[in-house]
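S.K.: Take a look at this one; I'll ask things after.
The values are calculated or read from the model by the stated rules, or taken from the named source; none is laboratory data. The structure displayed is predicted, hence computed values, not measured ones. Neighbour counts are summed over all protein chains in view; Cβ atoms, including those assigned to glycine, are modelled from backbone coordinates with ideal geometry. Ligands, DNA and RNA are stripped out before the accessible areas are found, and what is left, the full protein with its side chains, is counted by its heavy atoms. Shrake-Rupley method; radii C 1.70, N 1.55, O 1.52, S 1.80 Å.
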Amino acid sequence: MSLRLPYFPELVKVFYNNLKIQDGVLYSRVHNIPIVVDQSLFYSLTKLPSQGVPFEGNLMDDWKFDYSSHDARRMVYNDQADMTGRLLVGSFTFDCRIMYYIIVRILLPQSSNLSQASEEDLILLWAL
């Protein structure tokens with residue numbers, strides 16, 4: 001996913017700073033304007049289905065031989081990033097960072113350190 005229209009990074013930060021998730025619904029507030037994103041709105045915005053195959057930490061047989069951790073890291077990192085260490089989300093490109101947060105906040109909610117991606121998160125980013 002990428003944005004082709006103008007956007008305002010400061011407002012995006014405010015949106016994520018105020019973001020709360022309850023029962024699969026996103027709630028936020030920007031300039032005292034409430035924003036509610038439920039599953040139907042999320043689908044209409046992204047065209048991503050709400051059901052799919054559960055991810056069990058294994059690569060699907062039909063594309064597992066195409067996957068390379070090094071190539072996936074090169075795909076998600078910006079040009080200045082060190083690709084040899086931990087998967088730090090702050091070094092991801094803008095598009096990959098947005099996809100990562102959609103994965104860990106909506107698709108597969110996590111409560112652990114969200115600033116460091118796991119290898120499974122990298123596999124999902126690569127697959128998407």
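S.K.: Report, in whole Å, the centroid distance computed from the Cα atoms of the range 90-128 and the range 9-28.
M.R.: 16 Å
S.K.: What figure in square angstrom, to the nearest 10, would you give for the accessible area of Arg97 with a 1.4 Å probe?
M.R.: For Arg97, solvent-accessible area is about 80 Å².
S.K.: Sticking with this one: Provide Glu10, Glu120 ordered by accessible surface of protein heavy atoms (probe 1.4 Å), highest first.
M.R.: Ranking Glu10, Glu120 by accessible area, largest first, yields Glu10, Glu120.
S.K.: So for Phe92, Phe8, Phe42, what's the accessible-area order with a 1.4 Å probe, most first?
M.R.: In descending accessible area the options line up as Phe8, Phe42, Phe92.
S.K.: Another question about this same structure. Please give the solvent-accessible surface of Leu5 in Å², to the nearest 10, using a probe radius of 1.4 Å with every protein chain present.
M.R.: Spelled out: Leu5, probe radius 1.4 Å, area about 140 Å².
S.K.: Where does each of 68-79, 29-40 land if you order them by average Cβ count within 10 Å, highest first? The partial results should precede the final answer.
M.R.: Numbers: 68-79: 13.8, 29-40: 10.8.
Averaged packing, sorted descending, gives the order 68-79, 29-40.
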